[in-house]
Protein chains: 4
Amino acid sequence: MDVAIIGGTGYGAVELLRFLQQHPYANVKKIISHSNSGTDFSDVYQHTVEVVELQMEEIDIDQLAQEVELVFFATPSNVSKHTIPALIDKGIKCIDLSGDFRLQSPEVYQQYYGEEIAPQPYIEKAVYGLCETYRENIQQADLLANPGCYPTATTLGILPVLERDLIDPQTILIDAKTGVSGAGRGLSLNVHFSEMNENFKAYKIGQHKHIPEIEQTLSSVANETIQVTFTPHIVPMTRGIMSTIYVDLKEHQSTEAFIDLYERFYQQDPFVRVRKNGVIPSTKEVWGSNYCDIGLYADERTGKLIIVSVIDNLVKGASGQAIQNMNIMQGWEETAGLHTLPIYP
Amino acid sequence: MDVAIIGGTGYGAVELLRFLQQHPYANVKKIISHSNSGTDFSDVYQHTVEVVELQMEEIDIDQLAQEVELVFFATPSNVSKHTIPALIDKGIKCIDLSGDFRLQSPEVYQQYYGEEIAPQPYIEKAVYGLCETYRENIQQADLLANPGCYPTATTLGILPVLERDLIDPQTILIDAKTGVSGAGRGLSLNVHFSEMNENFKAYKIGQHKHIPEIEQTLSSVANETIQVTFTPHIVPMTRGIMSTIYVDLKEHQSTEAFIDLYERFYQQDPFVRVRKNGVIPSTKEVWGSNYCDIGLYADERTGKLIIVSVIDNLVKGASGQAIQNMNIMQGWEETAGLHTLPIYP
Amino acid sequence: MDVAIIGGTGYGAVELLRFLQQHPYANVKKIISHSNSGTDFSDVYQHTVEVVELQMEEIDIDQLAQEVELVFFATPSNVSKHTIPALIDKGIKCIDLSGDFRLQSPEVYQQYYGEEIAPQPYIEKAVYGLCETYRENIQQADLLANPGCYPTATTLGILPVLERDLIDPQTILIDAKTGVSGAGRGLSLNVHFSEMNENFKAYKIGQHKHIPEIEQTLSSVANETIQVTFTPHIVPMTRGIMSTIYVDLKEHQSTEAFIDLYERFYQQDPFVRVRKNGVIPSTKEVWGSNYCDIGLYADERTGKLIIVSVIDNLVKGASGQAIQNMNIMQGWEETAGLHTLPIYP
Amino acid sequence: MDVAIIGGTGYGAVELLRFLQQHPYANVKKIISHSNSGTDFSDVYQHTVEVVELQMEEIDIDQLAQEVELVFFATPSNVSKHTIPALIDKGIKCIDLSGDFRLQSPEVYQQYYGEEIAPQPYIEKAVYGLCETYRENIQQADLLANPGCYPTATTLGILPVLERDLIDPQTILIDAKTGVSGAGRGLSLNVHFSEMNENFKAYKIGQHKHIPEIEQTLSSVANETIQVTFTPHIVPMTRGIMSTIYVDLKEHQSTEAFIDLYERFYQQDPFVRVRKNGVIPSTKEVWGSNYCDIGLYADERTGKLIIVSVIDNLVKGASGQAIQNMNIMQGWEETAGLHTLPIYP
């Protein structure tokens, strides 16, 4: 199947290419980039020399519709909403790595994204692609909203105890940490090497646009309106997210009991791994791979369950999950193109 | 005044030397190291060549008592408790950077430090050296227990709202992050460069020995038994601690109001700086200095106050605070030897 | 084909597993580790949980000879020489990632490795596995000495101009830089995070054991005894080698002319990429992959050619090249299991 | 003495402030920044909050001349040459951290800096401020050209053997490595954290503007025209320069003999430290300090002397040396404000 990537110069695009280059059924036919059209992709990303031989192009929707069956959008916020409707109307499947089609509420979208939401019929069409939870909907999807990086790590960490009604859903607190690549390739003093190296920062406290995305999924699962406390931080490393999640248990159980629950909950899911008692995963243990690894600690002293969930923000938190979603949409085996081990050290 | 440093090969010692070398009133006369006695200090730490010209020695308590007036212990846990009593008995002041004299309860000490506590009369003599809170006691102290790194950042962050009774003291949750130097100079796979670089880890969840230290101080200030949730993490950088602290407010007030409160609370304290509204300090902004910088965010949505407190773990979290304590004990100006700017970038 | 890995707890082993797990023809049947026999591999390397399900074992040569056809040695120096002869005698192919069978001269081996060389008949049997240069010999090899990391980057950088007799072979100067993983998993203060982070070091000047290995290959190609100046340095990053090589040209030519020469020289070699004029590769552009990328600059002012050659020390400098060698030995396509893009960023 | 700093938002300025804040005789009265005039300095550099209380201003030469006696220029290339002449004419001393007044030759300046050189009378007035070599001229200077970072580390490494005529001056080869802060605070993809982290790069091979500066000093000392090979690289760390220097010896002598020579050569120089036999300094051993540390290895095999010279690029390579120059110009003790130990780890 021929596919296209829109947003060719970002880190999302380059990770899509890394996985698609090994994919047994999908082939990248076009890379679209407005800012770099006419340039060889490998001139922008020298590490792809002699491997990726495409030139970046301007978008042409009619031509795209003729040449490819599926389009990945690895664009900034408020871009894909202008183009996806036309492609969907022409019968092209779209997987959107940006946030444009993730939220249901126009008001909330306006508040966090600063613009009007995409047209309502397309918002209704869009399926939220958290693979492990919405696999059946995804199989039917034409327009897929690929989850954000923080929401992926966070909701996978919380869902088992939330669904089984073991926690007070109004006590969810998430202290999240990301590697710097989550900020993308855009230049900024915040991620200037000399200022970010040997530094650790909190940012956008109480205001990050992944807050409503997390709350929407959790509220829908719990069937009640959930508000979370969510504080993101940035770590002086390139890749990796850790969500450290704190929830009040309705009733204390042993760590072992929760581990059993999580293992059963995710037993059909090839990319979620639950650590054994006494072991907490670190971000490097999923580096470069599509895994989400989870460690648990039930604190008898305070009555809380502490959940540590790690992913590679560019893989399970973006491009890897996008390919996993494509695999589900197409009815292919879910791991196609994705069964690489994490790279360590 | 001549002083000695015991525990000469650790990072605590080398930071003490950096500050004492510029100190107007104190002079390092002896460096004691059992494992390196007979070796030049500058052979172990090449960066001190031609500046520090002392040879490390075995400890000899009688000789120490004759030659110096004050001794810094920069030793691992469960070492100073065997030596400090004899020095105190001879009239030598002691500042202990380890945890041996910080806890009051023999049971808690046994549980977290795995050995018997120091003799009771010396535990009673020991003053806990959180300068900003116990300045008056410190002025009288002969035996000073210098606070741990996490407890320093954490308690300075919480005290203003706890003392003013603005929070529910049973809701304190601390998600803490440290640079790698906190683990000291001892070799371990955990801090082996190739495994720690580009990695972020949680560790000792619910079990860190700084938990009872934090609880003891907070309980004493609040006049009730407080239990906290405390999760430490390790960041791929050498220096810096951030405590992100979450507390339930009794009543919502604006961020601005809390900033005013903190500024007034710390207005006599030369090393605590409160950031203005909208600004959260990062760890690099105190790098190499004795500052504790605090940022605040009152979250109307969730009714929580989020407090971000940063220090350099080896300075305000160890050697810098030890010198600040010496200054207070001696009646010198509190900033003597310590008024260096953070080093940036 | 079933294979075994000896030296199961080092970085060489874990990288072999990463590539072999995706290899179309080879399957890892056994992992041998003396220090960890009886332990699950995934307990030592948590990132392989649920993927690598082997337990490490003690070595048993007879059993090995029955169960596998080829053995990789990812052991420290002076280990494989004691075991390989017995395996070879039983008809098992061996690929040695250590230096035991690389050098021809017993005296030189003794000088640089501090012990006696392996038995002479096996030294004679051993083929030096620099794939691009000795491909035909490798096809016949039973005992393969996989090149060192520095020698791989360095000799691939020099060979084209040396073979074409364009340089004065007595002027070769190599200033080499490696990531920290080159030092392996053994603990040492040199690679303790707090001391290696934000640090850059030279080490073993004039004494590194890769000096005779480089000289042996270059001398054999040039048909004269060549001595090189070689200075290794260590960079605060996990992976990557850069050799910056300086040679006196017999006659000045344009940079463009040398690029043409290198491109023709390596045109059959899938893993050597020559950068175009004005572009010098950085180490990250080969990160995680089996590529060796080369950039060139002919300096008219000084009459020198400056060659920059980069590899991932753990891949083309160790495990990746070992698999490339296995592919050649077995007559498989040379890129089998290895056609992954570098991982960027 | 009141001084001003021009170029207030760069790393040069912030390091000047760090040292001047502790200086016994000099006081920063004004910070000039065109791009940030009207802004508090501590709003741009939060780590200086409550310590630096100046607002940045537009330049006003008449006012400057009335209020300060000396001006530091921490500006980019081709800026100071427009302002310094007017200040000098008004009797204000100037220390220029940029390259505008370092080169004597108008042609060479034009070639490497891309613009016309400063007016000839001021070029003639300018004294090149390599303190250890030109101390006597510096005492008389009104206009001081502070050396570049690479030239400082490199020429201090070479001068002893060049002056004593022990090397072939046409064989000098410098392989240099810098931390990222050398690139300044300007944003660029090259120093974007995600692209620079875990990366090592060569750049501007054969074209760096420090080449003519090094050659000018060496040629003047040797009394013959010297051309050097100079290749700069960038290391994923914030601070530090290492120059690894290779020279052909006229006659082999022991490493010990060269160490003796260097120690005698620099025995009056408080900021140059020569390591003992077998010890090579790493960049972290001078971190944050004004030291230049030198290690030596005489290679009998190849007849070369290998010199390793390390500095902190922002201190001895910029602001620290500028203050050292001010001290010499004013007749103060050379170490005033500068006697801090390197910060380790």
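For this structure, a couple of remarks:
- Subset tally (residues that are of a type in the set (A, V, I, L, M, F, W, C), within 11 Å of another protein chain (Cβ to nearest Cβ) and surrounded by 21 or more Cβ atoms within 10 Å (Cβ to Cβ)) for region A:265-297: 7
- Whichever residue in region D:192-214 is among the polar types (S, T, N, Q) and open to solvent by 10 Å² or more (accessible area, probe 1.4 Å) and, among such residues, is farthest from the other protein chains (Cβ to nearest Cβ): D:Q207
- Filter pass, D:T39 being under 21 Å from the mean Cα position of the chain (by Cα) and modelled with pLDDT of 95 or more: no
- At least 1 residues being aliphatic (A, V, I, L, M) and free of Cβ contacts under 8 Å to residues at least 60 places away in the same chain is the threshold, and among the strands (runs of 3 or more DSSP E) wholly inside region B:262-326 those reaching it are B:272-274, B:292-299.
- Looking only at residues of region C:160-191 that are basic (K, R) and at the interface with another protein chain (Cβ under 9 Å from one of its Cβ atoms), we find that the one that is least open to solvent (accessible area, probe 1.4 Å) is C:K177.
- Taking region B:299-309 as the range and being more than 8 Å from every other protein chain (Cβ to nearest Cβ) and open to solvent by less than 10 Å² (accessible area, probe 1.4 Å) as the test, the residues that pass are B:L305, B:I307, B:S309.
- The residues on offer are C:T83, C:T75, C:T48, C:T9, and the sole one that is free of Cβ contacts under 8 Å to residues at least 60 places away in the same chain and among the hydroxyl-bearing types (S, T, Y) is C:T48.
- The set of residues in region D:299-331 being over 26 Å from D:G182 (Cβ atoms) and outside the structural domain of D:Y246 (by TED's automatic domain parsing) consists of D:Q330, D:G331.
- Taken over region B:241-264, the criterion of being of a type outside the set (A, V, I, L, M) and touching a Lys or Arg at 6+ places or on another chain (Cβ under 7 Å) is satisfied by B:Y246, B:D248.
- Residue pairs meeting the criteria (Cβ under 8 Å; at least 6 apart or on separate chains; first without any contact (Cβ under 8 Å) to a residue 12 or more places away in the chain and more than 30 Å from C:E263 (Cβ to Cβ), in region C:105-133; second surrounded by 19 or more Cβ atoms within 10 Å (Cβ to Cβ) and hydroxyl-bearing (S, T, Y)): C:E116/C:Y109
- Region D:27-43 residues that are farther than 14 Å from D:I6 by Cα, paired with ones that are part of a loop (DSSP other than H, G, I, E, B) and open to solvent by 70 Å² or more (accessible area, probe 1.4 Å) (beta carbon under 8 Å, 6 or more apart): D:D40/D:E53; D:S42/D:E50; D:S42/D:E53
- Residues satisfying the stated conditions in region B:78-88, i.e. surrounded by fewer than 24 Cβ atoms within 10 Å (Cβ to Cβ) and aliphatic (A, V, I, L, M): B:V79, B:A86, B:I88
- Residue list for region A:89-124, filter: open to solvent by less than 20 Å² (accessible area, probe 1.4 Å) and hydrophobic (A, V, I, L, M, F, W, C): A:I92, A:C94, A:I95, A:F101, A:L103, A:A118, A:I123
- Taking the criterion of being among the charged types (D, E, K, R) and crowded, with 19+ Cβ neighbours inside 10 Å, the residues of region C:10-55 that qualify are C:E15, C:R18, C:K30.
- Here A:Y262 fits the description: surrounded by fewer than 24 Cβ atoms within 10 Å (Cβ to Cβ) and in contact with a helix residue (DSSP H, G or I) (Cβ under 6 Å, 6 or more places away or on another chain).
- Hey, A:N313 buried (at least 23 other Cβ atoms within 10 Å of the Cβ) and more than 30 Å from C:G10 (Cα to Cα) or not: no
- Meets criteria (open to solvent by 60 Å² or more (accessible area, probe 1.4 Å), modelled with pLDDT of 95 or more, part of a helix (DSSP H, G or I) and not assigned by TED's automatic domain parsing to the domain that holds D:G288) for D:Q66: yes
- Some residue of region D:246-258 being in contact (Cβ under 8 Å) with a residue 24 or more places away in the chain, open to solvent by less than 10 Å² (accessible area, probe 1.4 Å), part of a strand (DSSP E or B) and within 13 Å of chain C (Cβ to nearest Cβ): yes
- Condition check for B:E116: out of contact with any strand residue (DSSP E or B) (no Cβ under 9 Å at 6 or more places or on another chain), among the charged types (D, E, K, R), at pLDDT 95 or above and assigned to a helix (DSSP H, G or I): no
- Within region C:96-120, the set of residues being under 22 Å from C:C131 (Cα atoms) and touching a Pro at 6+ places or on another chain (Cβ under 8 Å) comprises C:S98, C:R102, C:L103, C:S105.
- When residues in region B:322-345 are screened for being open to solvent by less than 10 Å² (accessible area, probe 1.4 Å) and within 30 Å of A:F193 (Cα to Cα), 5 of them pass.
- Within region B:236-245, considering residues that are of a type outside the set (A, V, I, L, M) and either in a loop (DSSP other than H, G, I, E, B) or more than 11 Å from chain A (Cβ to nearest Cβ) (or both), the one farthest from D:I343 (Cα to Cα): B:P236
The values are calculated or read from the model by the stated rules, or taken from the named source; none is laboratory data. Predicted, not measured: the structure shown is a model, and the values here were computed from it. Cβ: placed from backbone, ideal geometry, glycine included. Neighbour counts: every protein chain shown. SASA here: full protein model, heavy atoms, side chains in, ligands and nucleic acids out. Shrake-Rupley method; radii C 1.70, N 1.55, O 1.52, S 1.80 Å.
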